[in-house]
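Student: Sharing a structure here in structure tokens format.
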Amino acid sequence: MNKYVVASAPGKLMLLGEHAVVYGHPSLVTAVDLRISARAERLDQDQIIVESSLLDRPHDYPLAIALDADLKEVPKGISFVLATIQVLFAEFSLSAGLKITTAGPKISYGLGSSSAVTVATTKAIDALFDLNLTKKQIFQYSYQAVLDVQGAASGFDVAAAAYGGTLYYAGNGETIRPLQLDTLPVVIGYSGSKVGTVSLVAQVAELREQFPEFVAQAFDMIRDLVGRAEVAINNGDWALLGQLLNLNQGLLDSLGVNSQQLAQLIYASREVGVFGAKLSGAGGGDCMFAVVSDSHTQAVIEAIEAAGGQHVDLPLQAEGARIDDVG
Ligand code: PMV
């Protein structure tokens, strides 16, 4: 059998700073143990083959693709893998054959990410071709691939997938600072629906054009909250962190990215005594989370479920990109 490498990367939960982070402002993110894997294998024939169980119609694959195929012409699940191959092959003058097989959990609650697929692919190719990339390089090449597919994106999720743990992320990757902490007392609730991240980012961009000063001030306040939240997390001051989450939620509401279902879960959790709660990510659906004391955790889980949400019980501060198997 040919040489192969299996790498994996985690998903992410945005803690504070979403939307503002797209414009270079800081954010805080923790990696979620919802891993996506990429298996990279050398092929004897001069071909690139991509196979993915993450696609809507996996029976159509494996798919042999041309290295210079148009990213818009291939299925979304394949496009991130292909973009990664294009970036790394150009940068390091690599040549085919190569087969990439990606896999991961069927349900991701909006916490798994295309960035995790991208980073896992970069990590697998790195090991297969002995590129010896640093974490920062894995981030940079993966972020380039995500931008090639998606256009505007802050890269915070790429950093979470590459580095793992809990990060302060600013300047589109200029600053990536791991936080040192033992636990994050967080309960996650899934709202059951999703509006596309790209359309919500576009919606905020429109609002910014219409009300430039308002949005600039909202972003400045979010920046301030993120800075204070980093200190609160470092001090284990969960009560303060909760207040900061509530303030950030108010600003996200003003940007128009909340949804009724998310609001219900946020208020239901607040009513049973959390330190604070907010949506996570682009908004419009996906997840919210609450910072909670041990004694309130069960009550908060029950309140989220009674309000129609689903408790997502996944470890946080997950390990970043890693090699799982080599053969
Ligand atoms: O919806 P998610 O979990 O992919 O998060 C999007 C966060 C945004 O700040 C809205 C976009 C970005 O690229 O940072």
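Student: Short version: ³J(HN,Hα) in whole Hz for each residue of the stretch 272-280, in order, from phi by Karplus 6.51 cos²θ - 1.76 cosθ + 1.60 (θ = phi - 60°), x for Gly and Pro, what are they?
Tutor: Along the stretch 272-280, the couplings run 9, x, 9, 6, x, 8, 7, 6, 10 Hz.
Student: Hey, if we sort Y163, Y143 by accessible area with the 1.4 Å probe, largest down, what's the order?
Tutor: The residues order as Y163, Y143, largest area first.
Student: Okay, next question. Mean residue ellipticity at 222 nm from the helices of the chain, using -39,500 (n - 2.57) per DSSP H segment of n ≥ 4 over the full residue count, to the nearest 500 deg cm²/dmol?
Tutor: Computed ellipticity for the chain at 222 nm equals -13000 deg cm²/dmol.
Student: A further question follows. What FRET efficiency, computed as 1/(1 + (r/R0)^6) with R0 = 22 Å and r the Cβ-Cβ distance, is obtained for Q310 and E271, rounded to the nearest 0.05?
Tutor: Here the calculated transfer efficiency is 0.75.
Student: Accessible area of the chain with a 1.4 Å probe: how many percent of it is carbon plus sulfur?
Tutor: Within the chain, the accessible surface is 49 percent carbon and sulfur.
Student: Going by the alpha-carbon gyration tensor, a ≥ b ≥ c the square roots of its eigenvalues, is the stretch 261-327 rounded (a/c under 1.5) or, if a/c is not under 1.5, prolate (a/b greater than b/c) versus oblate?
Tutor: prolate
Student: If amide hydrogens are placed 1.01 Å from N in the peptide plane, which non-local residues have theirs closer than 5 Å to the one on I48?
Tutor: It is I65, L98, by chain and number.
Student: Assigning unit charges at the beta carbon (Lys, Arg +1; Asp, Glu -1) and nothing else, what dipole magnitude in debye, to the nearest 20, does the stretch 186-312 show about its Cα centre?
Tutor: 100 debye
Student: How many angstrom separate the Cα center of the stretch 257-327 from the Cα center of the stretch 123-156?
Tutor: The stretch 257-327 and the stretch 123-156 have Cα centres separated by 28 Å.
Student: Any idea how far apart A239 and D325 come out in nm if each label point goes 7 Å out from Cα toward Cβ?
Tutor: For the pair A239/D325, the computed spacing is 5.0 nm.
Student: Would you mind calculating the relative contact order of the chain from Cα pairs under 8 angstrom and at least 6 residues apart, reporting the percent as a whole number?
Tutor: 26 percent
Student: Multiply the residue gap between K3 and D224 by 0.36 nm, knock off their C-alpha separation, and tell me the result in nm, one decimal place.
Tutor: Between K3 and D224, full extension yields an extra 74.6 nm.
Student: Hey, another quick one. I'd like to compare 264-275, 94-105: which one has the highest average count of other Cβ atoms within 10 Å, and what's the full order after that?
Tutor: Packing order, densest peptide first, comes out as 264-275, 94-105.
Student: If you don't mind, there's one more thing I want to ask. For a quick check: with amide H placed at 1.01 Å from N, whose amide H comes under 5 Å from K278's, ignoring anything fewer than 5 positions away on the same chain?
Tutor: F289
Student: Next question, about the same structure. Could you tally the net charge around K3, taking each other residue with its Cβ under 13 Å from the Cβ of K3, Lys/Arg +1 and Asp/Glu -1?
Tutor: -1
Student: Full extension from L43 to L147: what is 0.36 nm times the residue separation minus their Cα-Cα distance, to one decimal in nm?
Tutor: Residue separation times 0.36 nm, minus the Cα-Cα distance, leaves 34.6 nm.
Student: Projecting each Cα onto the charge dipole of the chain (Lys/Arg +1, Asp/Glu -1 at the beta carbon, about the Cα centre), which of V195, I49, Q217 comes out farthest on the positive side?
Tutor: About the Cα centre, the residue reaching furthest to the positive side is I49.
Student: Same structure, new question: Which order do the peptides 16-22, 250-256, 131-137 come out in when sorted by mean C-beta neighbours inside 10 angstrom, highest first?
Tutor: Ranking the peptides 16-22, 250-256, 131-137 by packing returns 16-22, 250-256, 131-137.
Student: So for the stretch 186-312: antiparallel DSSP bridges make up what percent, rounded to the nearest 5?
Tutor: DSSP beta bridges in the stretch 186-312 are roughly 100 percent antiparallel.
Student: Taking only C-alpha pairs under 8 Å that are 6+ residues apart, what is the relative contact order of the stretch 81-186 in percent?
Tutor: With pairs under 8 Å counted, the relative contact order is 24 percent.
Student: Residue by residue through the stretch 128-145, what is 3J(HN,Hα) from phi via Karplus (6.51 cos²θ - 1.76 cosθ + 1.60, θ = phi - 60°)? Round to whole Hz and write x for glycine and proline.
Tutor: 5, 9, 6, 7, 6, 6, 7, 4, 4, 5, 4, 4, 4, 5, 5, 4, 4, 5
Student: Each residue of the stretch 113-124 in turn: what ³J(HN,Hα) in whole Hz from Karplus with 6.51, -1.76, 1.60 and θ = phi - 60°, glycine and Pro shown as x?
Tutor: 8, 4, 5, 5, 4, 5, 5, 4, 5, 4, 4, 5
Student: Check D324: other-chain or 5+ apart residues with amide H under 5 Å from its amide H, H built from backbone geometry?
Tutor: The answer is V6, A7, S8.
Student: With a 1.4 Å probe and every protein chain left in place, work out the accessible area per residue of the chain in Å², rounded to a whole number.
Tutor: For the chain, the solvent-accessible area averages 42 Å² per residue.
Student: Using label points projected 7 Å from each Cα along Cα→Cβ, tell me how many nm separate E209 and I107, to one decimal.
Tutor: Roughly 3.9 nm, to one decimal.
Student: While we're looking at this one, here's another question. Evaluate E = 1/(1 + (r/R0)^6) for Q260 and E174, where r is the Cβ-Cβ distance and R0 equals 22 Å; express this FRET efficiency to the nearest 0.05.
Tutor: Rounded to the nearest 0.05, the efficiency is 0.05.
Student: Here is a further query. Among A31, A40, A69, which one moves the most in a GNM of the chain with springs linking Cα atoms closer than 10 Å?
Tutor: A69
The values are calculated or read from the model by the stated rules, or taken from the named source; none is laboratory data. Computed from a predicted model, the values in this text were never measured in an experiment. All Cβ positions, even for glycine, are placed from backbone atoms using ideal geometry, and neighbour counts span all protein chains on display. Remember, those area values only see protein heavy atoms, side chains included, never the ligands or the DNA or RNA. Shrake-Rupley method; radii C 1.70, N 1.55, O 1.52, S 1.80 Å.
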